[in-house]
Amino acid sequence: MKYLFEYTDTLNSPFEAFCYDTSKEKFPVEAHWHYFVEAVYMLKGSAVITYNGKSYNLNESEMMFFHSQAIHSFDKPTDEDIRYLVIQFDINKLNNIDAHMPKFNTLFRSASMDDSLPLIFTQDNFPDFDLERFFFRCLSECDGKQYGYYYYMQHNISLFLLEILRYWKECGFSVETESYGYDDSFSIHQILEYIDAHSHENIQVNDLAQMCHMSYSYFAKSFHKLYGQSCKSYIEFIRLNKAENYLLFTNYDLNFISSETGFSDCSHLIRIFKRKYGITPKQFRLKYKK
């Protein structure tokens, strides 16, 4: 069975940085999600990135920001190789000490719900912050892990996030402390991993609510507030992403795919898939499979 969840060792390795070269690494990158926040800087070429069901073009010298738990995949529009830098980090390790400013994890969790905020940036958006230099310095620190590495990464990534927040503030995003009350829904965050691992089973939203020690109505309301959709819709979204991965990267038939992704039968998969994509799974495979 395939999982979309990608394990990240937030305890022992809260910061990671690496260079991805498609001439040396497996590509395209299949749909996945993780608890890390991620940022990608394109050094060479361009990529087609699918982020929570939407398609983005990331071109040379541009940077894209990925919120925690967002489902994303990477492809390229041509056969030419591309090269990009990646930074991943646990935003919960960046607890700013300014009492007049909400915590980074609270601010960015709220920002993840605002579809109007841009995710792709250029150097012009940060006139006083060198994007490419920032990525290369993080890569050097993660490779060498010299004395003070943890505090160096914490400091520089905090500055990076502050630049993004300042730009989003110009776009109308609220960063005022009064806009953020106490958030007691942290337990819901772990439920996404459970949904990923058990999406082939008959998942009941009421059972998930009980796992989070919440009533059904409170769980449903909290889930929608955090993720912008109902829990039932999210489960279907996960199943469709897994079905898409099977169609693109395997030769399994629809009966196998439907059973592995939690659809009741082949007809159910075809109906839901066509409603989402406008074409049948078979047509999708013929059109997009590499």
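Going by the conditions given, is Ser73 over 28 Å from Ala197 (Cα atoms) and either touching a Lys or Arg at 6+ places or on another chain (Cβ under 9 Å) or touching a residue at least 12 places away in the same chain (Cβ under 8 Å) (or both)?
no
What number of residues within segment 53-68 are surrounded by 20 or more Cβ atoms within 10 Å (Cβ to Cβ) and of a type in the set (S, T, N, Q)?
1
Consider Tyr41 against the criteria (1) under 11 Å from the mean Cα position of the chain (by Cα); (2) buried (at least 20 other Cβ atoms within 10 Å of the Cβ): it satisfies all of them except one. Which criterion is unmet?
Unmet for Tyr41, out of (1) under 11 Å from the mean Cα position of the chain (by Cα); (2) buried (at least 20 other Cβ atoms within 10 Å of the Cβ): (1).
Would you confirm, using the coordinates I've provided, whether Tyr147 is more than 15 Å from Asp90 (Cβ to Cβ), modelled with pLDDT under 95 and of a type in the set (Ser, Thr, Tyr)?
When the stated conditions are applied, Tyr147 passes them.
Do the conditions hold for Ser55, that is, is it in contact with a helix residue (DSSP H, G or I) (Cβ under 9 Å, 6 or more places away or on another chain) and hydroxyl-bearing (Ser, Thr, Tyr)?
No; evaluated as a whole, the condition is false for this residue.
Could you check segment 183-290 for helices (runs of 4 or more DSSP H) lying wholly inside it with 3 or more residues that are under 26 Å from Tyr7 (Cα atoms) and not acidic (Asp, Glu)?
The helices (runs of 4 or more DSSP H) meeting that bar are 191-197, 205-211, 216-227, 231-249, 254-261.
For segment 177-223, name all the residues that are farther than 26 Å from Asn241 by Cβ and at pLDDT below 80.
Matches in segment 177-223: Thr177, Glu178, Ser179, Tyr180, Gly181, Tyr182, Asp183, Asp184.
Please go through segment 150-173 and give me each residue that is touching a residue at least 24 places away in the same chain (Cβ under 8 Å) and among the hydroxyl-bearing types (Ser, Thr, Tyr), ordered by number.
Tyr150, Ser158, Tyr167
The values are calculated or read from the model by the stated rules, or taken from the named source; none is laboratory data. Keep in mind that this is a model prediction, so the values were computed, not measured. All Cβ positions, even for glycine, are placed from backbone atoms using ideal geometry, and neighbour counts span all protein chains on display.
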